[in-house]
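One structure below.
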Amino acid sequence: DFFATVATKSDSGALRGDYTHADANYVVAQNWDAYTPEQHELWRKLYQRQAKLIPGRACDVFIESLKALDVSQGIPRFDRTTEALYKATGWQLVAVPGLVPDHTFFDHLANRRFPVTVWLREPHEFDYIVEPDVFHDFFGHVPLLFNPIFANHLQEYGKGGLKALKLDGLASLARLYWYTIEFGLIQSPEGLRIYGAGILSSGGEVEYCLTNPQPRRIPFELERVMRTLYKIDSYQETYFVIKDFEQLFSDTAPDFTPLYERLKTQEVLAAHTLLLGEINLPPA
Ligand code: PHE
Ligand code: FE
């Protein structure tokens, strides 16, 4: 999960997770039988808290896919989800020990494989965790993979990541991921909704991002997003709002090569920036 690849780069500590059995692509066996009853119970509590928060706040595809996934009772078996997911959009889940190198992460996405961390947070991390665990990766990210347009977009993002590594564009591309896949908002006929996994797996930010008057809610604009720095240790100061997943797909489809060049000459923007003439949408 890139969320934390980016987030933990500032920390110097060793990676959390057992990498000794990982293959060359950092894939491991999920080893579902090794989860304890206490861990399944913690998953249930995390699930229940989030499930209560999401009606009327998460986008429809998230709510519907989550229901169909039927994972309220304990840590899911990845292979079962893969069966359904593969039929729906051709994606597979792969188990990973934790953070994986950028190149590995992008390569998985480019091949329609979504890496899911195998370990679950400890009870004292119920409200807040820095690295993504199985709850964030699965609950936050997997439901959206059932939407064909979003699924296609994420594969293109993976291909774009491999390209960005060659073009020195990683920092800009990471901001795009952050403000969309992790912290994105989307319009719906009934009002603003959440599709970002970092919000959807958070106990506090689900409500905050929609109704708190403090953060900015700015219509998505590709270049603007890719210039904008982000906070990793607090709620976001700015959310970017897409019209629909089609916009996300088509706005990111052009070749980024000239964009990366242009971005190198531009100043980055602080997370709270509101540019002259820019729309700040009212809270829900
Ligand atoms: N179009 C981008 C490029 O040419 C790739 C990309 C697609 C990046 C989708 C992000 C999301 O580099
Ligand atoms: Fe994530």
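Just so you know, all these numbers are worked out from the coordinates, no wet-lab data involved. Because the structure is a prediction, the values reported are computed rather than measured. With ideal geometry, Cβ positions are generated from the backbone for all residues, glycine too; neighbour counts draw on all protein chains shown.
A few remarks follow.
- Rounded to 5, the percent of DSSP beta bridges in segment 2-265 classed as antiparallel: 20 percent
- Residue with peak Gaussian network fluctuation, the chain [Cα springs, cutoff 10 Å], from VAL225, VAL134, VAL28: VAL28
- A Förster radius of 41 Å combined with the Cβ-Cβ distance from GLN73 to GLN266 puts the calculated FRET efficiency at roughly 0.25.
- Residue-span extension gain [LEU275 to ASP127] - 0.36 nm each, minus C-alpha spacing: 50.0 nm
- This model, with +1 at the C-beta of Lys and Arg and -1 at the C-beta of Asp and Glu, gives the chain a dipole about its Cα centre of some 360 debye.
- Principal-axis tilt of helix 60-69 within the chain, Cα atoms, nearest 10 degrees: 10 degrees
- Across LYS45/LYS87; LYS67/LYS159; LYS87/LYS231; LYS45/LYS231; LYS87/LYS159; LYS231/LYS264, pairs whose alpha-carbon gap is larger than 25 Å: LYS45/LYS87; LYS67/LYS159; LYS87/LYS231; LYS45/LYS231
- Virtual spin-label span in nm between LEU229 and THR36, 7 Å along Cα→Cβ: 4.1 nm
- Estimated distance in nm for a label pair at GLU207 and ALA29, the labels positioned 7 Å out from Cα along Cα-to-Cβ: 4.3 nm
- For peptides 169-177, 188-196, 34-42, sequence by mean Cβ density within 10 Å, most packed first: 169-177, 188-196, 34-42
- Size descriptors for segment 69-211 (Cα atoms only): Rg and Dmax, in that order, 15.1, 44 Å.
- Its relative contact order, with pairs defined as Cα atoms under 8 Å and 6+ residues apart, puts segment 2-265 at 20 percent.
- Taking the longest Cα principal axis of the chain as reference, the axis of helix 78-89 is set at about 40 degrees.
- The mean sequence separation of alpha-carbon pairs under 8 Å and at least six residues apart, normalised by the residue count of segment 161-284, gives a relative contact order of 31 percent.
- Of all aspartates and glutamates in the structure, the ones whose alpha carbon falls short of 15 Å from that of LYS243, not counting any fewer than 8 places away in one chain, are ASP60, GLU190, GLU221, ASP251.
- Relative to the compact-globule estimate of 2.2 N^0.38 Å, the Cα radius of gyration of the chain comes out at 0.95.
- Distant-in-sequence amide contacts of ALA58, defined by a placed amide H-H separation under 5 Å and a gap of 5 or more residues or a different chain, comprise ILE194.
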